[in-house]
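Remarks on the structure that follows.
The values are calculated or read from the model by the stated rules, or taken from the named source; none is laboratory data. Since this is a predicted model, take the numbers as computed values, not measurements. We place every Cβ from the backbone using ideal geometry, glycine too, and count neighbours over all the protein chains shown. Areas reflect the complete protein model, heavy atoms only, side chains present, ligands, DNA and RNA absent. Shrake-Rupley method; radii C 1.70, N 1.55, O 1.52, S 1.80 Å.
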Amino acid sequence: MQLYLKLAVGNVRRSARDYSVYFATLGFAACLLYSFVASTDHVRAMGLSPEQMGVLGSAGDVLQAFSIFTVLVFLFLVRYANRFLLRRRKREFALYELCGMGRGAVSVVLVAETALVGAGALACGLAAGAWLSPAFGAIAAFVFNVPWRLSFTFSASSALWTGSCFAVVFAFNAVDGARDVVRRPLIDLLAADRAPETMRLGERALRAGQGVLAACLLAVVWGSCVFQPVYFIAFIIPMGLAACFATALVARLGVARWAAHARASESRYWDGLRAFTVRQVEARVSSSSMALACVCVLIAVGLCMMVAGLAFSVGLRTPEMLSSGIAASMAPIGYIGIFYGAVFLLSAVAVLALQQLSGAEDARRAYRVLMQLGCEHADMRRSLRSQVRLYFVAPLVGALIHDVFGLFLVGFLTFALGVQGFFAIVGGVLTFVVVLMGVYGLLTARAVERTVLKA
C-alpha cells in the first residue's frame, strides 16, 4: 500500500499541469460551499438588531436548500472534470498493466490520487473562504446599512459540512472512475486518448422523444414559476435539477441541428476551418452538455437572486419603508439574494473558463496536425475564438430565456412590496452579467490561444 501511495503522490506532482485546472475548480467549489454555510457568521459579526436576526433565522430553510442544490450542481461538474482527466490518463493506466500491475492495484492508485487532489483542494478552499470573510462582511454591511469593520471569521461546523460534502462527491467519482478503468479492455485503454468523441443522440424517434421530454420539463419549471410560485419555491431543488436536465437535452439537440444546418450549405461548410470547428463543437458538447447546462442554470439563478437581493434591500430604502421597519426586516433576504447571486455568477463563469482551458489541452493534438498540414495561423485562431465565443454566448442566452420567467416571479413580489426602481435594478444586473461574461470570455480566448497555438 505504501508503494501505491508513493506512486499516486508522484503522479500528482508530475501531472501538476493537468491537475491545475481540476484543482482550481475544486478549490473554488470548496470555497463556495463553505461560504454558503458560514455566511450567517459574517452577518452576526455586523451587530444586527434582534428583528433582523429573527428574519435571517426564518430564512434558514431556503439557505439550506440552496446549499444542497449547489452540492448537486458541483457533483455534475466534478464528474465532468473527472471524466476529462480519466480519458487523458487511460493510456497511462494501460501501461501500468503492461508492466505487471493488476487492475485492482491500478484502481487503488486512481482512488489515492483522487483523494490527494480532493484533500488539497478542500484545504485551499477553506483557507480562501476564511481569508475572504471580510469581503462577505462588507456585502452584509452594505445590505443591512450598518457600519463595516474588518473581521476574519472561521466556522468549524461549516468546514465540517463542506468536508462531508466533498467526501461524498469524491467517493462517488472515485468509485465511478475505478469501475470504468476496470471494465475496459486493455486495447480500449491504450487508444482512449486518441478516440474521437461522437454525438450519440439515437434515431429520429429517440431524438423526438428527447425533445418532447425537454419541452415537458421546461413547461413544468416555467409554468410553476409563473402560475404556482409557492410550489416552485417549495420544490426548488427538483425544479433546478429538472431545468438542468432539460437544458442539457436542448443543448445536445440544438448543436446537432446546428451542425446539420451547417453541413447543408456545402460551399460555406468547407470554407476555411468551418468544418473542423463544427466537428470540434459537436465532440465537446457530447461530453460537456450537462456541465454547460449547470452553468446556464447557475447564471439564471444568480441573476434572479441578485435582482431580488438588490430589490429587497436598496429598493426598499425609502423614508416610508425605513420608518415602518419593513426595510430592516427584508434586509436579511436581500443579503442572501445578493451574496448567493454574486457567488453563483462568479462560480458559473469561473467553471466555464476552467472548462475551456481544460479542453484546450485536449485540442492541442488536433491543431498541431493542422499546423503540420500548413494551415494558416489566422484561420486556427479564428476557429478557436469562434468556439470559445459559442461556449460563452450559448449558456448566457439560455440563462436569459430562463430569466424571462424567473424575473416575472421576482417582479411580482417586488411590486407587491412597493419596491422602487425595479427596472433600473434589472438593467444594472443584466449589464453586470453581460460585462462579466464578456471579460471572462476574452481572457479565456487568449489563454486558450496561448495553450493551443504555442510552438
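Just reorder MET380, MET371, MET330 by solvent-accessible area, largest first, 1.4 Å probe, all chains present.
Accessible-area ranking of MET380, MET371, MET330, largest first: MET371, MET330, MET380.
Testing the spin-label approximation: label points 7 Å from Cα along Cα→Cβ at GLN420 and TRP131. State their distance in nm.
Here the answer is 4.1 nm between the modelled labels.
Extension gain VAL230-VAL212, at 0.36 nm per residue separation less the Cα-Cα distance, in nm?
In short, 3.9 nm is gained.
Only loop residues by DSSP count here, and only those with at most 12 other Cβ atoms within 10 Å; note down the chymotrypsin sites (Phe, Trp or Tyr not before Pro) in region 248-277 that meet that.
Of the chymotrypsin sites (Phe, Trp or Tyr not before Pro), the ones in loops of region 248-277 whose Cβ has at most 12 other Cβ atoms within 10 Å are TRP270.
When the Karplus curve 6.51 cos²θ - 1.76 cosθ + 1.60 is applied with θ = phi - 60°, which whole-Hz ³J(HN,Hα) does each residue of region 216-227 get, with x for Gly and Pro?
These are the phi-based 3J(HN,Hα) values: 5, 5, 5, 5, 5, 5, 5, x, 5, 5, 8, 9 Hz.
Quick one: Cα centre-to-centre distance for region 87-125 and region 151-186, in angstrom?
Centre-to-centre (Cα) distance: 14 Å.
Using only the heavy atoms of the protein chains and a 1.4 Å probe, how would HIS261, HIS402, HIS377 rank by accessible area, largest first?
Descending accessible area places them as HIS261, HIS377, HIS402.
With every protein chain present, what is the per residue accessible area of region 230-286 (1.4 Å probe, Å²)?
I get 54 Å² per residue for region 230-286.
First measure r as the distance between the Cβ atoms of GLU320 and LEU98, then evaluate 1/(1 + (r/R0)^6) with R0 = 56 Å and state the FRET efficiency to the nearest 0.05.
Working from the Cβ atoms, E equals 0.15.
Might you work out the accessible area of ARG389 for me, using a 1.4 Å probe with all protein chains in place, and round it to the nearest 10 Å²?
Ignoring ligands and nucleic acids, ARG389 comes out at about 140 Å².
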